[in-house]
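Below is one structure, written out as structure tokens; comments come after it.
The values are calculated or read from the model by the stated rules, or taken from the named source; none is laboratory data. Just so it is clear, the structure is predicted and the values come from calculations on it, not from any experiment. Note that each Cβ is placed from the backbone with ideal geometry, even for glycine, and that neighbours are counted across all protein chains shown.
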Amino acid sequence: MVLFLAALVAGFGQFGAVASLNDVARHFGHHAAGHTLKSVVGLSGSMLGLGLGVLRLASLASLPLSSLADRRGRTRILQLFLFTGLVSTAAASLSFSYWFFVLCFAFARPLLSAASTLVQVVTVELSSTSRRMHRLVVMAAGAGIGAGLSAVLHGVIRGPNSFRWLFALAIVPAVIVTPLLRHIPEPRRHSPDAPLARLGSVPPTMRGRLAVVAIMAFTIGMITGPANGFAFVYGEGVLRISPHVVASVVALSAFTGLGGLILSRRLAHTVGRRGTVAIGVVASAVTSCIAYSGGRWAFIGGYMIGVAAAGLLAPAATAISTEIFAHSFRATAAGWVVVAGVLGATTGLFVFGLIGDLAHVAGVTSLRLPALLTFLPLTPTLLLLRRLPESARMELH
């Protein structure tokens, strides 16, 4: 239960920047006549993509942060990172410019990313083989609920400074939830005599396997980064959907997300982790293209089914990226996977935003073209999954 709460509040802290991005852009941007993305939301797609990219790049620091847990213990580091990340998120409520907002979240993001990573690692290490996937599904549900709660509160709390109140709320779980983490048992090392990994290092024999997992994380990040990052700007800013309607859509998406999580658990045991990841990546790419294809119903339908696709993908991707590595460097390997995902998301945000600017200059009113050109060319990388071992029945070591 405590790990579930940790996953929830980490998701809440990280998603606040995305959920409120349209309000932040309108508050700090400058509107002008025309048909460009900047004239609609206040900031150009390139600037929005750059700001979101900076947040993603800041997550690169989660590698050395996660690696510390292999040397200093999981639970103590998890508690420290979660508390500091939430406090930094709350500090964004004092933003006096768009780039100060970016700076606050850039500091909080690697701490919360590392905390989320450690929640997954500890969940795997404290679970039996038969219960591992079930508990990863629960943790993914917690992260999804936290992100959804941030989006719902964004729709409920309205006003010229509504985003400030949303960010300030992060101080509540920092004070209430993080002290509970001291009650989580420290996972034992399966090989007590195994040497500890050097900071950011994995054994040479495992680097090929890690490279394949990293490429998959890059692909997933390049799809989910812009798919999530531009969703609220597109829905509220371009399509002019009311924030209250968007909040309702997010709330209803909890049911489709739950369906995706349940399906992920079943498929992970029948077709395996690798097959589930492949299906989840393709589903995420296709549903994102639908959501950005133009029109309110396409956005709503694509978003809701996309949440189901994310629920299908997340637990299996977490399982395959943690189960196939040893305890002595598992958190370090997970940190490298986060780095690859960050680089993928940063690349995707920049490419998506740049193509979006060019498309709007040409008079296009949807983001169909950037979605198609950013997401679909990545799907052939799924063939690399065949080089990874199937970990559904793998014992931890």
Checking Ala168, Ala141 in turn, the sole residue that is closer than 29 Å to Gly272 by Cα and modelled with pLDDT of 80 or more turns out to be Ala141
Of the candidates Ala227, Ala231, the one satisfying the condition of being in contact with a helix residue (DSSP H, G or I) (Cβ under 6 Å, 6 or more places away or on another chain), closer than 30 Å to Ile215 by Cβ, hydrophobic (A, V, I, L, M, F, W, C) and buried (at least 17 other Cβ atoms within 10 Å of the Cβ) is Ala227
The condition of being at pLDDT 90 or above, assigned to a helix (DSSP H, G or I), over 18 Å from the mean Cα position of the chain (by Cα) and among the small types (Gly, Ala, Ser) holds, among Gly275, Gly235, only for Gly275
Among (1) within 24 Å of His327 (Cα to Cα); (2) over 19 Å from the mean Cα position of the chain (by Cα); (3) crowded, with 24+ Cβ neighbours inside 10 Å, Phe163 falls short only on (1)
> Do we have any residue at all in segment 175-183 that's at pLDDT below 85 and surrounded by fewer than 21 Cβ atoms within 10 Å (Cβ to Cβ)?
Replying inline: yes
The number of residues in segment 125-138 that are under 16 Å from Ala334 (Cα atoms) and modelled with pLDDT of 85 or more is 1
Among the residues that make up segment 244-253, is at least one of them more than 15 Å from Trp297 (Cβ to Cβ) and modelled with pLDDT of 85 or more? no
Could you tell me whether Gly229 is under 17 Å from the mean Cα position of the chain (by Cα) and small (Gly, Ala, Ser)?
-> yes
Picked from segment 270-310 (must be aromatic (Phe, Trp, Tyr) and touching a residue at least 24 places away in the same chain (Cβ under 8 Å)), the residue farthest from Leu388 (Cα to Cα) is Phe299
Against the condition surrounded by 21 or more Cβ atoms within 10 Å (Cβ to Cβ) and modelled with pLDDT of 85 or more, how does Ser67 come out, does it pass? no
Do we find that Leu103 is free of Cβ contacts under 8 Å to residues at least 24 places away in the same chain, touching a Ser or Thr at 6+ places or on another chain (Cβ under 9 Å) and either part of a helix (DSSP H, G or I) or charged (D, E, K, R) (or both) in this structure? yes
Worksheet item: Going by the conditions given, is Ser284 in contact with a helix residue (DSSP H, G or I) (Cβ under 6 Å, 6 or more places away or on another chain) and outside any helix (DSSP H, G or I)?
Response: no
Only one of Ser116, Ser150, Ser128 is surrounded by fewer than 24 Cβ atoms within 10 Å (Cβ to Cβ) and small (Gly, Ala, Ser), namely Ser128
Among (1) within 20 Å of Ala147 (Cβ to Cβ); (2) at pLDDT below 85; (3) surrounded by 20 or more Cβ atoms within 10 Å (Cβ to Cβ); (4) among the hydrophobic types (A, V, I, L, M, F, W, C), Ala333 falls short only on (1)
